[in-house]
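> Right, I'll just put the structure down here and ask away after.
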Amino acid sequence: MSDKARTLFDALDLDHDGSLTRIEVINALRAKGPTLAAQGVIPAWGVGNDDDASALFDQADQNGDRVLSFEEFAALVDRRFGW
């Protein structure tokens, strides 16, 4: 798992509980997405709208429990963003 995935996960984990919910991902990307892109944490093309954030969540939630672990999240973003 990449350091970039960890940095992004931690930025999206608004309640700092070590997991991500759909609403957390949507809200965090809405609020922080442009800043994270400007800092190089996420590619600029990776910042989308709420539907894009929801789709990212669905792709990452491999076990269907509606919560993303770091491992689920990192597996997707490392592959998707080419890290």
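The values are calculated or read from the model by the stated rules, or taken from the named source; none is laboratory data. On a predicted model such as this, the values are computed, not experimentally measured, just so you know. SASA here: full protein model, heavy atoms, side chains in, ligands and nucleic acids out. Shrake-Rupley method; radii C 1.70, N 1.55, O 1.52, S 1.80 Å.
> Which helices count as membrane-span-like in the chain under these terms: full DSSP H, at least 20 Å along the axis by C-alpha, Kyte-Doolittle mean of -0.5 or more?
Helices passing the filter in the chain: 22-38.
> Using θ = phi - 60° and the Karplus form 6.51 cos²θ - 1.76 cosθ + 1.60, what ³J(HN,Hα) does each residue of region 39-48 get, whole Hz, x for Gly and Pro?
Residue by residue, region 39-48 yields 7, x, 6, 9, x, 4, 6, x, 8, x Hz.
> Could you work out which residue, out of Gly64, Gly33, Gly46, moves most in a Gaussian network model of the chain, that is, has the largest mean-square fluctuation with Cα springs under 10 Å?
Maximum among the listed residues: Gly64.
> Would you kindly calculate the translational diffusion coefficient of the chain, applying Stokes-Einstein with the Kirkwood radius from alpha carbon pairs, for 37 °C and a viscosity of 0.692 mPa s, and quote it in µm² s⁻¹ without decimals?
Translational D for this selection: 266 µm²/s.
> Would you give the gap between the C-alpha center of region 65-80 and the C-alpha center of region 1-31, rounded to a whole Å?
That distance is 10 Å.
> Okay, next question. Probe of 1.4 angstrom, ligands and nucleic acids ignored: what's the accessible area per residue over the chain, in square angstrom?
So the chain comes to 56 Å² accessible per residue, rounded to a whole number.
> Could you compute how fast region 14-58 diffuses translationally, taking Rh as the Kirkwood radius over C-alpha pairs and applying Stokes-Einstein at 37 °C with viscosity 0.692 mPa s? Give it in µm² per second.
Diffusion coefficient, whole number: 308 µm²/s.
> Hey, another quick one. Whenever you get a sec, compute what percent of the accessible area on the chain sits on carbon and sulfur atoms (1.4 Å probe).
Exposed carbon and sulfur together represent 50 percent of the surface.
> Is it possible to state the helix-based mean residue ellipticity at 222 nm for the chain, with each DSSP H run of 4+ residues giving -39500 (n - 2.57), the sum divided by total residues, to the nearest 500 deg cm²/dmol? What is it?
-18500 deg cm²/dmol
> Counting only C-alpha contacts under 8 Å and six or more residues apart, can you give the relative contact order of the chain as a whole percent?
39 percent
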